[in-house]
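The values are calculated or read from the model by the stated rules, or taken from the named source; none is laboratory data. Quick caveat: nothing in here was measured; it's all calculated off a predicted structure. Ideal geometry is used to build each Cβ from the backbone, glycine not excepted, and the neighbour counts take in all protein chains shown. Accessible surface is based on the protein model in full, side chains and every heavy atom, while ligands, DNA and RNA are left aside. Shrake-Rupley method; radii C 1.70, N 1.55, O 1.52, S 1.80 Å.
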Amino acid sequence: MKLNKENIQFIDTYLKNSDIMFTDVRTEMVDHVATAVLEKMEEETLTFYDAFKAYMVVYKKDLLKYNMQFKKTTDKIVLKSLFKKFIAPLNIGVMVVSFFLLIQFFPLGNKKFVKLIPFGFLIIALLVYYIVVLKKRKQRFSGIERAGLMLTLIFQLYNAFQHPFFNEKSVITNDYCFTLVFALLLGLSTAFIAMILELHKKYTNHYTVV
């Protein structure tokens, strides 16, 4: 005995209506619930709907709790991936080269237009993120959406330095400080873009948009 497509779709729809919105999380749960319901049907000679209802009465809270724990786990995975991309040799090389080129040829203290460039990096990262989200608009994936939180943190980091970047009375007047922040924001932006493209490829390879 095995569950048919209608049974599987019923479980998926039920979980989605229970605010388990991420496709990757829900797919894992559907497999788990389907196996448990099938065992219950066979052991107690129940119909699918009776077995499903009995299972959910006991385990629905556990499933919802697991959903919350999965979000936390995903946040850690995404943050770790971002850090790995940030410290990748190529990314470190780009930051180091940009730092020394800027110090040598474009000291930031007197180049306000150059100070806008880090914001441009972040805008590009934001555009890449939303393009990926739009491509997956029919499905929601935990890694992609939780990565948006990391991008928000990067913007907050930029905002933390926006005042010293543009305030002429700022205590941070050294070109080396400005350029270091510039290079770090460049590195974070490129690391984020690399991470989100990797996540997009991962989910594209494992899930089909329906």
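Within 13 Å, Cβ to Cβ, of V57, how many net charges do the neighbouring residues add up to if Lys/Arg are +1 and Asp/Glu are -1?
+2
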Multiplying the sequence separation of T204 and H32 by 0.36 nm and subtracting their Cα-Cα distance, what value in nm do you get? 59.7 nm
Check R140: other-chain or 5+ apart residues with amide H under 5 Å from its amide H, H built from backbone geometry? T23
Sort Y158, Y59, Y49 by accessible area with a 1.4 Å probe, largest first. Y49, Y59, Y158
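Please find the FRET efficiency linking Y14 to V97, where r is the Cβ-Cβ separation and R0 is fixed at 41 Å, and quote it to the nearest 0.05. Please list the in-between numbers first.
Working: r = 54 Å, r/R0 = 1.31.
Efficiency, rounded to the nearest 0.05: 0.15.
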Suppose R0 equals 41 Å. What FRET efficiency, 1/(1 + (r/R0)^6) with r the Cβ-Cβ distance, do T45 and Q156 give to the nearest 0.05? 0.10
When the accessible area of segment 1-91 is computed with all protein chains present and a 1.4 Å probe, what percentage of it is carbon and sulfur? 59
Give me the distance in nm between label points sitting 7 Å out from Cα along the Cα-to-Cβ direction at L134 and Y176, one decimal. 4.4
With every protein chain kept in place and a 1.4 Å probe, the residues V57, V94 fall, from largest accessible area down, as V57, V94
Once all protein chains are kept in place, H32 shows an accessible area at probe 1.4 Å, nearest 10 Å², of 100
